Amino acid sequence: MLPDTAPLLNGRPDTVPFPRIIAHRGARKVAPENTLAAFRIAAQQGALGAEFDVSLLGDGTPVLHHDATLDRCSDRTGPLAEIGQADIAGIDCGSWFSSNFAGEPLATLDQGLDLLHDLEFVSNLEMKPHGAAKVMARAVAAALGHRPEARAEILISSFDLNALAAFRALMPEQPIAVLYDNPPEDWPEALADLAASSLHVWRENMSEDLVRAAARAGVHLRVYTVNDPAEMVTYRDHPAGELGGIITDHPPAFLDDPDWVRWAQG
């Protein structure tokens, strides 16, 4: 069982030890992204945590979904903002990927958190505000607020600094990661302002300088989205600092390799 503790990293809220191999949107290579099925399959693959996206319906209900519309990952079309929780029954978020996943529901955040806790995952919830930063922050804070286990199990991230700031004001003890495509020079100050314990960066902008800078700042450094392990071998055991984790569409690409398994267990 996961411990009900409140760890810190250099005075900043942190999770219990975060998995080093993280399933991006669940097992996205072999299952429809951001679905309960994708989480279950990621667990079967040996993953111990998942990254997933949260967007809002028009009535403020948070759901597991990346885009602002239903078009790409369901059998419906149109903006999420035009439907509410009462409308999501029957939305099929699996058939677009494969008929094997026909009927996979559009899951609410509460349903996702229930399953992730049952799987004993430590996971990364990415907020997708789609222009509604404060509303998103309130919805996520409300979902986590009645789950004491979430303090140690869930890392909140976003590209939207306004959403993170609004969330931090509501939940000062919840772990936060800041997401960047290409981190600006002042990223350490941005993380410090948010009391964020983690920096997440796109794989193409990973560098040895960034490894060193993260070590100096005293924060976790994770990289997304990596599906070719060879891209990260340089950073796996870098002498200048520790790579905290890899977010991947296909955990077996790493977990079927003994060298990466040893790293993941380290």
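One line per residue, one yes/no per condition, for (1) charged (D, E, K, R); (2) assigned to a loop (DSSP other than H, G, I, E, B):
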residue: HIS130; (1), (2): no, yes
residue: ARG147; (1), (2): yes, yes
residue: ALA152; (1), (2): no, no
residue: ALA165; (1), (2): no, no
residue: ALA192; (1), (2): no, no
residue: HIS200; (1), (2): no, no
residue: ARG212; (1), (2): yes, no
Collect the residues in segment 105-128 that are touching a residue at least 24 places away in the same chain (Cβ under 8 Å) and either farther than 21 Å from THR15 by Cβ or in a helix (DSSP H, G or I) (or both), keeping them in residue-number order.
PRO105, LEU106, ALA107, THR108, LEU109, ASP110, GLN111, GLY112, LEU113, LEU115, LEU116, HIS117
Which condition number does ILE22 fail, the rest of (1) surrounded by fewer than 24 Cβ atoms within 10 Å (Cβ to Cβ); (2) out of contact with any Phe, Trp or Tyr (no Cβ under 7 Å at 6 or more places or on another chain); (3) closer than 28 Å to GLY218 by Cα being met?
(1)
Qualifying residues in segment 222-233 (those that are among the aliphatic types (A, V, I, L, M) and touching a residue at least 24 places away in the same chain (Cβ under 8 Å)) - the one surrounded by the most Cβ atoms within 10 Å (Cβ to Cβ):
VAL223
What tally of residues in segment 242-266 results from selecting those that are within 20 Å of LEU199 (Cα to Cα) and either among the aliphatic types (A, V, I, L, M) or surrounded by fewer than 18 Cβ atoms within 10 Å (Cβ to Cβ) (or both)?
6
From the option list SER55, SER123, SER99, single residue qualifying as of a type outside the set (A, V, I, L, M, F, W, C), more than 22 Å from ASP257 (Cα to Cα), touching a Pro at 6+ places or on another chain (Cβ under 8 Å) and modelled with pLDDT of 95 or more is SER55
Residue check: is LEU199 in contact with a Phe, Trp or Tyr (Cβ under 9 Å, 6 or more places away or on another chain), of a type outside the set (D, E, K, R) and closer than 26 Å to PHE39 by Cα?
yes
Any idea which of VAL219, VAL201 is crowded, with 17+ Cβ neighbours inside 10 Å, more than 15 Å from the chain's Cα centre (by Cα), modelled with pLDDT of 95 or more and under 20 Å from THR15 (Cβ atoms)?
VAL219
Does segment 172-180 include one or more residues that are out of contact with any strand residue (DSSP E or B) (no Cβ under 7 Å at 6 or more places or on another chain), outside any helix (DSSP H, G or I) and under 21 Å from GLU153 (Cβ atoms)?
yes
Would you mind stating whether VAL223 is out of contact with any Ser or Thr (no Cβ under 9 Å at 6 or more places or on another chain), among the aliphatic types (A, V, I, L, M) and in a strand (DSSP E or B)?
yes
Selected residue (criterion: farthest from HIS130 (Cα to Cα)) from residues of segment 61-102 that are in contact with a Gly (Cβ under 7 Å, 6 or more places away or on another chain) and of a type in the set (S, T, N, Q):
THR61
In segment 233-254, what residues are touching a strand residue (DSSP E or B) at 6+ places or on another chain (Cβ under 6 Å) and either part of a helix (DSSP H, G or I) or not hydrophobic (A, V, I, L, M, F, W, C) (or both)?
GLY244, GLY245, THR248, ASP249, PRO251, PHE254
Test for ALA196: is it buried (at least 20 other Cβ atoms within 10 Å of the Cβ), in contact with a strand residue (DSSP E or B) (Cβ under 6 Å, 6 or more places away or on another chain), touching a residue at least 24 places away in the same chain (Cβ under 8 Å) and assigned to a loop (DSSP other than H, G, I, E, B)
yes
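The values are calculated or read from the model by the stated rules, or taken from the named source; none is laboratory data. Quick caveat: nothing in here was measured; it's all calculated off a predicted structure. Using ideal geometry, Cβ is built from the backbone for each residue, glycine included, and neighbour counts are taken over all protein chains shown.
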